[in-house]
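The values are calculated or read from the model by the stated rules, or taken from the named source; none is laboratory data. Here the structure is a predicted model, which is why all the values come from computation and not from measurement. Every residue, glycine as well, gets a Cβ built from its backbone with ideal geometry; the counts of neighbours run over all protein chains shown.
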Amino acid sequence: MKLLKVVIAVNIVVVSIGLVVFIGASMYAVTTINLLSNSVYYAQRMPHKEGTEPDLVMLIENMGSIYTPKIEGIRYDDDGRNFIENSIDSSGHPTSFSEFDGGYHYSDKNDVSYKFDKNFELEWALDKDYKKIDTTIIDEKKIKGEIRETVQPVLDVQSKPLINLQWLFNMKYQDRFN
């Protein structure tokens, strides 16, 4: 009888531990999926230092997890470096925004390439003949506006999360963007 009580107690402890682990792992998975799939929404609403553009960063870094619907003129590539191309402009020259060498790359409709570092500050620019452009003469704010225009159709379709974890997103990313 005493042995039966010990076996029952051990089973209760094992099942309880298993249940706690399962619930904890489930909560972790749901939270992680929520933060990734809604990262653009959260980034748009997070306090940040001017010029850091957290929504653009989250868009390109988490492209495999966010909502990327079929939009006329927009092409996605996420099987290597994440890449968004916009060919809606009637000029015939698409613009693109992508991950690149530890930072981000933007190619405008004149085939000028801009490289931004991980903090979204302009590092260098090359013209269509691959000649360096003096970055002091570049209007960085204008270029960032063009990047935003390139990806705006994708930014516009990001929905509000069912469970809002803005506080957790801010806790995780606020230091990066300040």
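What the table shows:
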item: Residues of region 120-140 classified as of a type outside the set (Phe, Trp, Tyr) and in contact (Cβ under 8 Å) with a residue 12 or more places away in the chain, total; result: 11
item: Candidates 147, 133, filtered to the one that is touching a strand residue (DSSP E or B) at 6+ places or on another chain (Cβ under 8 Å) and either more than 21 Å from residue 49 (Cα to Cα) or of a type in the set (Ser, Thr, Tyr) (or both); result: 133
item: Hits in region 130-167 (condition: among the β-branched types (Val, Ile, Thr), surrounded by fewer than 14 Cβ atoms within 10 Å (Cβ to Cβ) and in a helix (DSSP H, G or I)); result: 136, 137
item: Meets criteria (touching a Leu at 6+ places or on another chain (Cβ under 6 Å) and either closer than 28 Å to residue 140 by Cα or of a type outside the set (S, T, N, Q) (or both)) for residue 21; result: no
item: The lone exception for residue 99 - which of (1) under 27 Å from residue 33 (Cα atoms); (2) loosely packed, with under 14 Cβ neighbours inside 10 Å; (3) in contact with a helix residue (DSSP H, G or I) (Cβ under 9 Å, 6 or more places away or on another chain); (4) not small (Gly, Ala, Ser) it fails; result: (2)
item: Cβ pairs under 8 Å, 6+ apart, first in region 28-54 and within 16 Å of residue 120 (Cα to Cα) and at pLDDT below 90, second not in a helix (DSSP H, G or I) and not small (Gly, Ala, Ser); result: 51/120; 51/121; 52/119; 52/120; 52/178
item: Enumeration of residues in region 142-175 that are of a type outside the set (A, V, I, L, M, F, W, C) and either on the phi > 0 side of the Ramachandran plot or free of Cβ contacts under 8 Å to residues at least 12 places away in the same chain (or both); result: 142, 145, 152, 156, 164, 175
